[in-house]
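To start, the structure itself, in C-alpha cells.
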Amino acid sequence: MSRFPASELSYAQPNLNKNGGVGNLTIWEQIAFLHNTAGDAIHGNGIFLLFHRKFIAWFEQLMMEANPDFTGLFYWATEQQPLPSQWSKDPIWDHLGKAVGRGREIVGGPLENITFPIDDNFASPRSLIRDYDLNGSFLPSFASAASYKNAFARFGKDGYGHGYTNSTFGAVCNVCLPPDYGWADAAQNLHFTFHKAQGGQMSNYFSPLDFLFWIHHSNVDRIYHDVQVAWQGMGLPQEKQIYGNSYLDVNSESLTLKTPLPYFTEYTVDDVQFSAQMCVQYAPPVNGPPAPPPATKLATAPAQPFEKFTAAFWEKILVGRTPEQRAAHAASFEQFMAGTDEEVASGTPIDGNAPRSSMRIKNGRRSPRA
Ligand SMILES: [Cu+2]
C-alpha cells in the first residue's frame, strides 16, 4: 500500500522535482508537502479527525526532538472568542504575525519574509498570506461554541459519522440527507470555516506552513476529545464511535477500527482513536497574558454572517462523490448553520456535550486565551 493516493502523487512529484527533491525542502515544507499530497485522502471523509490527531502528535514529537525548549503544542479555543471584536484583539497575533490585507504577506512573527516555493498555489513563491486586515472593518467570524455544541446535540448522540441507512436494495443513496449527515461531518465543516476565514496558505492543503494550522488543529482535536469523553459517559460502543466512510470507499461505511491511516500506514484507527494513546492530554482553556497596548486602532467590526462555501470548495473536499451527494452535503451543513443561528437568536438552550471537569495536563497543550 502506498503512503499516498496515486492521483495526488502524480501531481506532487513534478512539484517536488522542480523544488530539488525532498532533501532540498526545509522540515517545515516537508510536513506541509505531506499534508498536501495526502490531501484528498485525509479530508472529506471519516478519517479526517483520526489522521489529524496522529499528524499533530507526530509533529509535536518532531518539534520536541528538534528543540528541547519546545515542550508541546498549545491550542487556541477560537470557538470561545468567535467574534472579530474578540479574536482580533488576541495577543496571539503578536507572536504569529499580523494580517494586513487581502493577498498580502503577514507582518511580524517568526515566519515573516520566509517564502515557501513548494506551495505552487501562488503565481510566485510567497511568505505567509492571510486574506484580511486585522485593523480593518470587514473581519470574518469563527465557528462559535454554540455551533460545536449544536453539532453534538443534532448528530453526536448517535455516534461519530454518517450511516447509509436510506440506501435501497443495497445501492448507496445518492442524496444522503440528515440524519445521514453525522457529527464528524459537521465538526469537519466547522473546522473548515477557520481555514476559510484566514485565506492564503491556510485555505489550501499547504496550510501546515502557517503555525495557525497547529493551534487550530490542536483545538479541533480537543473538541473531538471532549465529545469522546461524553460518548464514554453514555456507554457508546467503540465501533459506534468511529463508524462512517473513509478514503478507502467514500460511499460506504468503510471506516473500521482496522482501517490503516493514510501516510502513517503502520497505524490503524484502533491505534490512534484516543488521545491518551499518544500521551496527549488537554488542560482547560486559560487566558493568555494581556496584549501590549495596540499601536493602531483595533477592529471593532460586528460579526459577519456565515458565508457559504462555494461549489468549487465542495468539489475539492468531497472527492469521489456525485454532484448530487456534494449538493446534499452542502445543503445539510447550511441547514445546520442556519438552524444553529436561529436557536441562538431565539435563546433556545442547546443540549450539547456536558462540559468536562478539569484534567491534569501532561504535554503542556494550553490555550493562550479563552
Ligand atoms: Cu488537514
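Can you tell me which of Glu105, Glu112 is among the charged types (D, E, K, R), in contact with a strand residue (DSSP E or B) (Cβ under 7 Å, 6 or more places away or on another chain) and under 20 Å from Leu209 (Cα atoms)?
Working: Glu112 fails: in contact with a strand residue (DSSP E or B) (Cβ under 7 Å, 6 or more places away or on another chain).
The unique qualifying residue is Glu105.
For the range 114-160, enumerate the residues that are among the small types (Gly, Ala, Ser), over 17 Å from Ser332 (Cβ atoms) and assigned to a loop (DSSP other than H, G, I, E, B). Steps first, please.
Filtering the range 114-160 down to residues among the small types (Gly, Ala, Ser) leaves 123-124, 127, 136-137, 141, 143-147, 151, 153, 156, 159.
Retained after the next criterion (residues that are over 17 Å from Ser332 (Cβ atoms)): 123-124, 127, 136-137, 141, 144-146.
Ala123, Ser124, Ser127, Gly136, Ser137, Ser141, Ser144 - these are the residues of the range 114-160 that are among the small types (Gly, Ala, Ser), over 17 Å from Ser332 (Cβ atoms) and assigned to a loop (DSSP other than H, G, I, E, B).
Tell me the residue from Gly101, Gly109, Gly97 that is modelled with pLDDT of 95 or more and more than 16 Å from the ligand (Cβ to nearest atom), please.
Details: Gly101 fails: modelled with pLDDT of 95 or more; Gly109 fails: modelled with pLDDT of 95 or more.
It is Gly97.
Take the residues in the range 135-154 that are of a type in the set (A, V, I, L, M) and touching a helix residue (DSSP H, G or I) at 6+ places or on another chain (Cβ under 6 Å); name whichever of them is surrounded by the most Cβ atoms within 10 Å (Cβ to Cβ).
For the range 135-154, the residue satisfying everything is Ala151.
Limited to the range 199-217, what total is found for residues that are within 13 Å of the ligand (Cβ to nearest atom) and crowded, with 21+ Cβ neighbours inside 10 Å? Can you show your working first?
Of all residues in the range 199-217, those within 13 Å of the ligand (Cβ to nearest atom) come to 201-210, 212-214, 216-217.
With crowded, with 21+ Cβ neighbours inside 10 Å added as a condition, the list becomes 201-202, 205-210, 212-214, 216-217.
Total meeting the criteria: 13.
For the range 37-60, state whether one or more residues are in contact with a helix residue (DSSP H, G or I) (Cβ under 9 Å, 6 or more places away or on another chain) and more than 16 Å from the ligand (Cβ to nearest atom).
The answer is no; no qualifying residue exists.
Is it the case, given these coordinates, that Ala12 is hydrophobic (A, V, I, L, M, F, W, C) and in contact with a Pro (Cβ under 9 Å, 6 or more places away or on another chain)?
Details: hydrophobic (A, V, I, L, M, F, W, C): yes; in contact with a Pro (Cβ under 9 Å, 6 or more places away or on another chain): no.
For Ala12, the condition - hydrophobic (A, V, I, L, M, F, W, C) and in contact with a Pro (Cβ under 9 Å, 6 or more places away or on another chain) - is not met.
List the pairs whose first member sits in the range 28-42 and is closer than 24 Å to Leu111 by Cα, whose second member is assigned to a helix (DSSP H, G or I) and near the ligand (Cβ under 9 Å from one of its atoms), and whose Cβ atoms are under 6 Å apart, counting only residues at least 6 apart or on separate chains?
Every condition considered, the pairs that remain are Ile31/Pro208; Ala32/Pro208; His35/Pro208.
Ser252 - would you say it is modelled with pLDDT under 95 and outside any strand (DSSP E or B)?
Working: modelled with pLDDT under 95: yes; outside any strand (DSSP E or B): yes.
Yes.
What number of residues within the range 82-92 are buried (at least 21 other Cβ atoms within 10 Å of the Cβ) and either free of Cβ contacts under 8 Å to residues at least 60 places away in the same chain or polar (S, T, N, Q) (or both)?
2
The values are calculated or read from the model by the stated rules, or taken from the named source; none is laboratory data. Predicted model, so just to flag it, every value in this text is computed and none were measured. When we count neighbours, we look across all protein chains shown, and the Cβ atoms used for this are built from the backbone with ideal geometry, even at glycine.
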